[in-house]
1. Does L124 count as in a helix (DSSP H, G or I), open to solvent by less than 20 Å² (accessible area, probe 1.4 Å) and either free of Cβ contacts under 8 Å to residues at least 24 places away in the same chain or not aromatic (F, W, Y) (or both)?
2. With respect to Y170, is the statement that it is open to solvent by 50 Å² or more (accessible area, probe 1.4 Å), of a type in the set (F, W, Y) and either closer than 27 Å to I94 by Cα or part of a helix (DSSP H, G or I) (or both) true?
3. Of the numbered conditions (1) of a type outside the set (A, V, I, L, M, F, W, C); (2) closer than 30 Å to L22 by Cβ; (3) surrounded by 14 or more Cβ atoms within 10 Å (Cβ to Cβ); (4) modelled with pLDDT of 90 or more, D142 fails exactly one; give the number of that condition.
4. What single numbered condition from (1) modelled with pLDDT of 85 or more; (2) more than 15 Å from the chain's Cα centre (by Cα) fails to hold for D163?
5. Filter the stretch 27-65 down to the residues that are in a loop (DSSP other than H, G, I, E, B) and within 14 Å of L75 (Cβ to Cβ), then identify the one that is most open to solvent (accessible area, probe 1.4 Å).
6. Only one of these conditions is not met by M51: (1) without any contact (Cβ under 8 Å) to a residue 12 or more places away in the chain; (2) touching a Ser or Thr at 6+ places or on another chain (Cβ under 8 Å). Which number is it?
Amino acid sequence: MNNNNFADLEKIVGYEFKNKELIKRAVTHSSASNTFNYERMEFLGDSLLSMIVAEHLYKNTNYKVGSMSVIRSNLVSTEALSKLVLKHDLKKFIVVGGSVAGTKNVATNVLADFFESLTAGIYLDGGFEVTKNFVEKFVLSDVEHFVNADYKTLLQEKLATIDKKSKLEYGLIGSSGPSHQLTFEMGIYFNDELILTAKGKSKKEAEQLCAKLFLEKLEKTT
């Protein structure tokens, strides 16, 4: 990549690098260089993304810790970050070499790692505030999707990051109370095993609570 290409990338991300060596390293995959690549920057970028998203959720939502953890995990997941790279046409700026250069499609993890390294590059060059602006523009602009998503959807997305072949089902355990004011108890089954139950004024409400409780349980163990 030459410096003319840097200008195109900087225009998209909304930040102009003072130190062009940083942006050059931020876009260079290890397949292109064993010594000059973004592996260390990727490590830093991962932490920065998690912290900025966590701060936003802490200040702007009233969710409990378990729910905030799920939303944060979804926002900065490999899948989510790779989609951002494709959405904003950033893939073309990644410098790869060797066998990677000959592949038709860049791996999802490479796309996500690139986004993390770019985040770190902006931080190292411009500081925390400009990095927050970048993350707010690209990552947190989609936060409403995750915040407003129901717990059943959030649970499905969380499980997909753990094991895409896992089986999740909800089943009616029973109901109680007068016919005009029934309370429903629903169970959540993971790989055919009953994990927990919850009660609600409707089956849907009970299912949502099941999903919420299971999410919080997963966050404590993964």
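The values are calculated or read from the model by the stated rules, or taken from the named source; none is laboratory data. The structure displayed is predicted, hence computed values, not measured ones. Ideal geometry is used to build each Cβ from the backbone, glycine not excepted, and the neighbour counts take in all protein chains shown. Keep in mind that these areas ignore ligands, DNA and RNA; they rest on the heavy atoms of the full protein, side chains included. Shrake-Rupley method; radii C 1.70, N 1.55, O 1.52, S 1.80 Å.
1. Working: in a helix (DSSP H, G or I): yes; open to solvent by less than 20 Å² (accessible area, probe 1.4 Å): no; either free of Cβ contacts under 8 Å to residues at least 24 places away in the same chain or not aromatic (F, W, Y) (or both): yes.
For L124, the condition - in a helix (DSSP H, G or I), open to solvent by less than 20 Å² (accessible area, probe 1.4 Å) and either free of Cβ contacts under 8 Å to residues at least 24 places away in the same chain or not aromatic (F, W, Y) (or both) - is not met.
2. Numbers: open to solvent by 50 Å² or more (accessible area, probe 1.4 Å): yes; of a type in the set (F, W, Y): yes; either closer than 27 Å to I94 by Cα or part of a helix (DSSP H, G or I) (or both): no.
Considered against the rule, which asks whether it is open to solvent by 50 Å² or more (accessible area, probe 1.4 Å), of a type in the set (F, W, Y) and either closer than 27 Å to I94 by Cα or part of a helix (DSSP H, G or I) (or both), Y170 comes out as no.
3. That leaves (4) as the condition not met.
4. (1)
5. So in the stretch 27-65, the residues in a loop (DSSP other than H, G, I, E, B) come out as 27, 29-38, 61-64.
From the residues that got through so far, the ones that are within 14 Å of L75 (Cβ to Cβ) too are 61, 63.
Details: T61: 26, Y63: 69 Å².
In this case the residue turns out to be Y63.
6. (2)
Okay, residues lined up against (1) at pLDDT below 90; (2) closer than 30 Å to L49 by Cα; (3) not hydroxyl-bearing (S, T, Y):
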position: A112; (1), (2), (3): no, yes, yes
position: F146; (1), (2), (3): yes, yes, yes
position: P178; (1), (2), (3): yes, no, yes
position: Q181; (1), (2), (3): yes, no, yes
position: K204; (1), (2), (3): yes, no, yes
position: E207; (1), (2), (3): no, no, yes
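Condition check ((1) assigned to a helix (DSSP H, G or I); (2) hydroxyl-bearing (S, T, Y); (3) under 22 Å from T161 (Cα atoms)) across all residues:
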{"residue": "E10", "(1), (2), (3)": "yes, no, no"}
{"residue": "Y15", "(1), (2), (3)": "no, yes, no"}
{"residue": "S69", "(1), (2), (3)": "yes, yes, yes"}
{"residue": "E79", "(1), (2), (3)": "yes, no, yes"}
